[in-house]
Amino acid sequence: KCRTGPLDIVFVIDSSRSVRPFEFETMRQFMIDIIGSLDVGPNATRVGVIQYSSQVQNIFSLKTFFTRADMEKAINSIVPLAQGTMTGLAIQYAMNVAFTTQEGARPLHKKIPRIAIIVTDGRPQDRVTEVATQARNAGIEIYAVGVQRADMNSLRAMASPPLEEHVFLVESFELIQQFGKQFQDKLCGVDMCVEQEHGCQHSCISIPGSFYCECNPGYKLNVDGRTCSPIDACADGRHGCQHQCVSARGSYSCRCRAGYYLNQDKRSCSLIDYCSFGNHSCQHECVSIPSGHYCRCRRGFTLQPDARSCRATDLCNGVDHGCEFKCVSTEGSYRCVCPEGQQLQADGKACSKCGAGHVDLVMVIDGSKSVRPQNFELVKQFVNRIVDLLEVSPHGTRVGLVQYSSRVRTEFPLNKYHSADEIKKAVMEVEYMEKGTMTGLALKHMVEHSFSELEGARPLSHNVPRIGLVFTDGRSQDDISEWARRAKESGIVMFAVGVGKAVEEELRAIASEPVEQHFSYSADFTTMTHLVENFKLNVCPEEGKGETEIRSPCECEALVQFQTNTVAILQSLTEKNILWARSLAQMTARLEDLEKQIATKK
């Protein structure tokens, strides 16, 4: 038996028509005899066989069989091709296919010799020199065996150096079996692991003319090529252990820190639930930690010195409760309250600015040319002061804005913005339209579109008040009566705000009943402050503590001015009367003096 270690051997057999049947039988026996001397197996020597003529046929590859019996059976089943002699094509196939790892060849880094044994009886019909050179450079050791008519020059062109050890010429097929016994000695050579001191720490692997060292599983070969070191399977960081990786002879295991246990995936860790053991004695809550457990009280309670029982605390004094008006302590908790006339908001802390509840508010503002750009900016400020009164949110008050002149434009619908800051920013970005004053068209747009559920109005079944506020500075150029009536009939509470040349009759037609509470007037854009207060008092009646303030279209400022002027005139007239009285008294006195002088002379 050949004891030099594992080999990858491929027989490349010529089955051209020049090889007669009985001669091919001797080639079969040659291969069987060589295989019989080898230690074959998946980790020992592997064998493959290909035959060629004008084409190449794979009989079995290096990964097909691992017993001599299976190989012998396959070799005895070969049917010769009996065509041409394309030796170069066969070498090309051996290099590109037979000696690949896909076909069973061991990787080159394992240093297992790759040996091709070419047996031919004639001159190749294709070129062999170049392809044989490529095969040798690829690490294939080629033995060239010629029989009878074989061309020696072709054999030498194919074989590996030294040629005297790799080129063989046999006179006849009858003598090839005798040659096979001599060839076995060439193939096996001396077992270098036995004949010399190899120095391998674990295992010595003999190859023709040399040897190499291998390590046991779980170890790696050091740079000296002889000694071995344990493989640290944790070092590459790909172990996937959540906590700790423990290396053990080429493998590893995961381990958890104290207070944790390893899950079924053998990688992740979970905290040991000490509270689940049922012996914690905590009055309220038990909290597991890696070192054990501790007791915790519910909010509003304080843990007692025994570290288990809890007692209620005054949370209003002990926490940042955030109540806007007043905090009221309850058992283990607290609640916020608001002053009379105000409501607690959804956050449970702040008090509403408008306690009347949530509304859907659409403001319709006049953008006609009579307003003028500088006054339009004051109108936007007026709108934002209205927004400041409201609690704007998706579930609270919603606000929409419409501008009109000769046409109508929705600046933003009820469902566009969800905070007062967003609305105020959008209002200040509204551009002035100019042109005519189509108030009736604006009312129609408000009824048909602005208060539709598509644009954010809540369904009537939700009982959320719908409020329309119309702001205008002059007489409408179209009829307003029909759509003002329809707006109120559809359940919209209408407020009318007039400035300057606004027509009182139209404002009253727009406003809901009682009219005096739903329309306001200001003579000048710069003095609209009281209009905001009017709206606040009527939408949020508790702000007026149950009293409703009604403003006359005549401004208070105008009345005061009129009163001041009247008083001034009266005072002027009084002063003149006093002067006349004094003059009259002086004239009377002079007349009396004259009369006395006349009487004396007489």
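A few notes on this one:
- Backbone geometry of region 285-290 corresponds, through the Karplus equation with coefficients 6.51, -1.76 and 1.60 at θ = phi - 60°, to 3J(HN,Hα) couplings of 10, 10, 10, 7, 9, x Hz, x marking Gly and Pro.
- In terms of the mean number of neighbouring beta-carbon atoms within 10 Å, the peptides 362-371, 469-478, 416-425, 254-263 order highest first as 362-371, 469-478, 416-425, 254-263.
- If R0 is taken as 60 Å, the Cβ-Cβ distance between Asp347 and Thr129 corresponds to a FRET efficiency of 0.05.
- Computed from phi, the 3J(HN,Hα) profile of region 71-87 under the Karplus parametrisation 6.51, -1.76, 1.60 (θ = phi - 60°) reads 5, 4, 4, 5, 5, 5, 8, 5, 10, x, 7, 6, 10, x, 10, 9, 5 Hz, with x in place of Gly and Pro.
- In the context of the full set of protein chains, residues of region 188-302 present 63 Å² of accessible surface per residue (probe radius 1.4 Å, heavy atoms only).
- Potential lengthening of the chain between Ser291 and Asp320 amounts to 7.2 nm, from the contour at 0.36 nm per residue minus the alpha-carbon distance.
- For Gln264 and His202, the FRET efficiency from 1/(1 + (r/R0)^6), where r spans their Cβ atoms and R0 equals 41 Å, is about 0.70.
- Each Lys or Arg adds one and each Asp or Glu subtracts one; over the other residues with Cβ under 11 Å from the Cβ of Glu214, this totals +4.
- Summing +1 for each Lys or Arg and -1 for each Asp or Glu among the other residues whose beta-carbon sits under 11 angstrom from that of Lys444 gives -3.
- The order of the peptides 290-298, 51-59, 440-448 by mean Cβ neighbours within 10 Å, most packed first, is 440-448, 51-59, 290-298.
The values are calculated or read from the model by the stated rules, or taken from the named source; none is laboratory data. None of these values were measured; they are calculated from a predicted model. With ideal geometry, Cβ positions are generated from the backbone for all residues, glycine too; neighbour counts draw on all protein chains shown. The accessibility values were calculated without ligands, DNA or RNA, using every heavy atom of the protein model including side chains. Shrake-Rupley method; radii C 1.70, N 1.55, O 1.52, S 1.80 Å.
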